[in-house]
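Peer 1: Got a structure here, written out as structure tokens. Questions coming.
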Amino acid sequence: MSDHMLRGPVKKDRPAPVARSVERRDITGKVLGTVELDAELFGIEPNASVLHQVITAQLAGARRGTQSTKTRAEVRGGGAKPFRQKGTGRARQGSSRSPNMVGGGVALGPKPRSYAQKTPKKMIRLALRSALSDRAAESKVALVDAFSFEAPKTKDAIAALSALNLDGHVLVVLAAGDDTARRSFANLPEVHTIEASQLNPYDIIRADWLVFTDETLPTSAEKSEEVA
């Protein structure tokens, strides 16, 4: 027996995280400096299979699962035999509510159920890191010191996006109590706001740009505490 068979399968070596940085700007587009992104979150090689599995589970868990059809036992009526047993030339029938009759029940139809899938916490963490790293690798991560709007105004939100050169679908990650910024972006169909604690792989992957503030830029230590 070879040494390879005795040792078992060799685990693929993971490449070291890549150091990446992002320009820190204000809402007028002025560059305030450069910030190093956490390599453990923004610099790993994305695991596409884990990312796909976690996003599939996330979308499955969002399904309501309330669809329902009636079986022949649940359809009202059908107690009387629809026609006599013999002499009609037709197949015998005992109820007008059987699945092969018009107005009858449904055979093997959907019933209320849960589509939720159990996903290990380590997979959720890896999927989130993979999604963040994918956006960082494409230079689609932006950092703003703060969305310092004086009042909720869509006009101010549009001006900020234009100054930051953000187009397409934009995911803005806000702090829990930042209602002024949230309401400013609310009427923009291409902008989706989310609290930092609710950041997830699906919303990251479907966005063209990922925008953080100084307060919401994640670190590997924070994300480990949230998922644990």
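No value in this document is a laboratory result; all are computed from the given coordinates. From a predicted model like this one, the values you see are computed outputs, not experimental measurements. A quick note on method: Cβ atoms are made from the backbone with ideal geometry, for glycine too, and the neighbour counts reach across all protein chains shown.
Peer 1: Kindly express, to the nearest 10 degrees and within the range 0 to 90, the angle between helix 121-137's C-alpha long axis and the longest C-alpha principal axis of the chain.
Peer 2: 60
Peer 1: Still on this model: Compute the acute angle (0 to 90°) between the alpha-carbon long axis of helix 48-62 and the principal axis of greatest extent of the alpha-carbon atoms of the chain; round to the nearest 10°.
Peer 2: So the helix axis and the longest Cα principal axis differ by about 60 degrees.
Peer 1: Rounded to whole Å and ordered largest first, report the semi-axes of the equivalent ellipsoid of the stretch 99-228 derived from its Cα gyration tensor (root of 5λ).
Peer 2: Those come to 36, 22, 14 Å.
Peer 1: Roughly speaking, what is the centre-to-centre gap between the stretch 52-79 and the stretch 124-185 when only Cα atoms are used, to the nearest Å?
Peer 2: Between the Cα centre of the stretch 52-79 and that of the stretch 124-185, the gap is 36 Å.
Peer 1: Follow-up question, since we're still on this one. Okay, helix-only estimate at 222 nm for the chain: each DSSP H run of n ≥ 4 adds -39500 (n - 2.57), divide by all residues, round to 500 deg cm²/dmol; what do you get?
Peer 2: Mean residue ellipticity at 222 nm (helix-derived): -8500 deg cm²/dmol.
Peer 1: Using only alpha carbon pairs under 8 Å that are at least six residues apart, calculate the relative contact order of the chain and give it in whole percent.
Peer 2: Relative contact order comes out at 23 percent.
Peer 1: Same structure again: Report, in degrees rounded to the nearest 10, the 0 to 90 angle that the Cα long axis of helix 154-163 makes with the longest principal axis of the chain.
Peer 2: In the chain, helix 154-163 runs at an angle near 60 degrees to the longest axis.
Peer 1: May I pose another question? What is the magnitude of the charge dipole of the stretch 69-109 about its Cα centre, with +1 placed on the Cβ of each Lys and Arg, -1 on the Cβ of each Asp and Glu, and no other charges, expressed in debye to the nearest 20?
Peer 2: 200
Peer 1: If you take the charge dipole of the chain about its Cα centre, with +1 on Lys and Arg Cβ and -1 on Asp and Glu Cβ, which of Gly78, Pro201, Ala175 is farthest toward its positive end?
Peer 2: With unit charges placed on the Cβ atoms, the residue in question is Gly78.
Peer 1: How would you rank 67-73, 52-58, highest first, on the average number of other Cβ atoms within 10 Å across their residues?
Peer 2: Packing proxy ranking, top to bottom: 52-58, 67-73.
Peer 1: Can you compute the charge dipole magnitude of the stretch 53-178 about its Cα centre, using +1 on each Lys and Arg Cβ and -1 on each Asp and Glu Cβ, nothing else charged? Give it in debye, rounded to the nearest 20.
Peer 2: Result for the stretch 53-178 is approximately 1820 debye, rounded to the nearest 20.
Peer 1: Quick one: putting +1 on the C-beta of Lys and Arg, -1 on the C-beta of Asp and Glu, what dipole do you get for the chain around its Cα centre, in Debye to the nearest 20?
Peer 2: Taking the Cα centre of the chain as origin, the dipole is about 2920 debye.
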